[in-house]
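Right, one structure below, let's go through it.
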Amino acid sequence: MSLSNREIADIFERCADMLQIRGDNIHRVLSYRRASETIRGVPRDLRAIASEGGLTGLSYIGKTIAAKIDEMLETGELEFYERLRAEIPEGLVDIMHINGVGPKKAKLFWEQLDITSVDELKIAADAGKLAGLAGMGKKSQQKILDGIEALSRQTGRASIGDALPAAQAILDLLLGLAGAQEGALAGSIRRGRETIGDVDMLIAADDSGPIMDRFVTMENVARVLGHGPTKSSVELLSGLQVDVRVLEKARWGTALNYFTGSQAHNVKMRQIALEHGFSLNEHALSPVDENKTIIESAEKVLCDSEDKVYQTLGLQYVPPELREDSGEIEAARAGRLPNLIRREDIVADLHMHSTWSDGKNTIAEMAAACVKRGHKYIVITDHSRSLGIANGLSIERLLAQAEEVRRLNEELGDAIQVLAGVEMDIKADASLDYPDDVLAQLDFVIASLHSGLGQGREQVTKRLLNAIGNPYVKMIGHPSARQFPNREEVDADWDAVLAAAKAQNTILEINANPLRLDLKPELARMAMDMGVLLAINTDAHRVAHLDLMEFGISNARRGWVEARQVVNTWPFERFSQWNSSRG
């Protein structure tokens, strides 16, 4: 049986992990890992590409890897992978998914304690057997247990950064068909959740046949799970499940509201509908009698827009990002919903990287791309010297970069203001990566956590408070340091951190990268309530990353964030005045 793109990518990824455990040359390991990444991003079925002889035209797919793909497409197996599985216990790959466990530790557990599965590792850690191994101790052992617990909470859901572009491409395709009147994404993807299970999509049309037929025959479909007149479901080559429903335009509002959710929001909506004498479902608002029983003879209220649904129930329209039963219904009843931030409010980006550290574009290229996106000012914030893995800047290189930034700023004139900054490490001992006399020579300083993320609450909080208290630190970048799917947020006293940020007039970042989305919405809402300044930034490492701003906006909206407290909505003159007075 031929394998799907996702299954082939998974096999190459596991091959890379096993080769790394075995200690093979890193270039060989990377060849399989990069092949896996390439295949995950290919929108077409590999079978079609192989039949055209186009496999070697894909990035990082040479003749050897292409031959292995052909083998899997023809036989459903890979002999090389089977040989590795016979040599390296496959459970070690699962152990490597635990945060903080790399190939060396996985191999150590195997060779010293004959551990070949996550369950066996947990048993050994609970019994205290890991602490005696070379390079291990009680703290390391506890980190392993914490990592196993975090791994058990992972759901297999897709990042919104992966799911949204794929879903939007399908929606655009279907909306381009004759007869498609209106379309929208629904479910958790419309609410802007960080991770997505299945994708829900609605299309308004009088004739569903052509839409459903095109949907199930798309090139990136791995399996058709269902094909009917009102609903069809497919599994994409990426493994993502997409469900499409086609309905009449007259019922668009109630259907979109229902399938957007959340379930808790829908329950509240149904309760309010009953108070107004209606039963609400995805089809209509149906009048009910005093016993809450639908009056079949009564005319139903059809809603061709969500606005009409909320208006009929005496509510303000609730933006999708707020529909989590977190007070939005009560606010809508009172007419007190927040004026949520929008993409068009953003006029700047205060966090981005260039080729001076680990970015892929020059400062000039980043600035030109920001001009095209309508930004009025930006800050170049490459990594500091402690982050060697990211080519962090020595003091000499940092000051040389600042000179280049200022020269470019003069050349660009009124097109955009380009400021010299840095993303500086908050070190494990709570000290900062540069002395104050160096920071004083920069326009804008971000302080971020990149290491020591498993420290206890007291020390992590101390590190954040020390950075906030420094007069030259203007912003804390991705404050909780979380990354999807493997890194949970640091353990910090957020009440103390937010209070300090308010007191010191320090910005807290909402990092727009969909692998971070940090601050999370709950903390962003706390910050708004306390009057803490925020900034929504892309942390771009290449020009294309500048378009991640949309994810940051969505995340901020989920946190009830309004533009009035977001610094990079300010005109440059206001920002410059604040920046000078703050420093």
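The numbers here are math on the coordinates, done by the rules we state, and not lab data. In this text the structure is predicted, and so the values were computed from the model without any measurement. All Cβ positions, glycine included, derive from the backbone under ideal geometry; neighbour counts span all protein chains shown.
One table, with the values for the structure above:
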read-out: Counted charge near ILE507, where neighbours are those whose Cβ lies closer than 12 Å (Asp, Glu -1; Lys, Arg +1); value: +2
read-out: Least to most buried among SER451, SER357 (fewest other Cβ within 10 Å first); value: SER451, SER357
read-out: Prolate/oblate/rounded label for the range 427-564 (Cα gyration tensor, a/c 1.5); value: rounded
read-out: Inter-label distance for LEU399 and HIS276, nm, one decimal - labels placed 7 Å from Cα along Cα-to-Cβ; value: 6.6 nm
read-out: Translational diffusion coefficient (Stokes-Einstein; Kirkwood radius from C-alpha pairs) of the range 220-264 at 37 °C, 0.692 mPa s, in µm²/s; value: 276 µm²/s
read-out: Percent of C-alpha pairs per 5 Å bin, the range 112-251, short to long; value: 2, 9, 16, 15, 11, 8, 6, 7, 7, 7, 5, 4, 2, 1
read-out: Of LYS249/LYS308; LYS105/LYS129; LYS231/LYS292, those spanning more than 20 Å from alpha-carbon to alpha-carbon; value: LYS231/LYS292
read-out: Long-range tail of P(r) for the range 259-309 (Cα pairs > 16 Å, %); value: 38 percent
read-out: Reachable lysines from LYS427, criterion Cα separation under 18 angstrom, eight or more residues apart if same chain; value: LYS462, LYS474
read-out: Fraction of the pair-distance distribution of the range 342-441 above 20 Å, Cα-Cα pairs, percent; value: 38 percent
read-out: Using θ = phi - 60° and Karplus 6.51 cos²θ - 1.76 cosθ + 1.60, couplings along the range 445-453 (whole Hz; Gly, Pro as x); value: 10, 9, 10, 9, 8, 10, 9, x, 6
read-out: P(r), alpha carbons of the range 343-582 - 5 Å bins starting at zero, rounded %; value: 1, 7, 15, 20, 22, 18, 11, 4, 1, 0
read-out: The range 188-252: trypsin sites (Lys or Arg not before Pro) falling in loop per DSSP and having at most 11 other Cβ within 10 Å; value: none
read-out: Anchor LYS360: lysines whose Cα lies under 19 Å away (excluding residues fewer than 8 positions away in-chain); value: LYS372
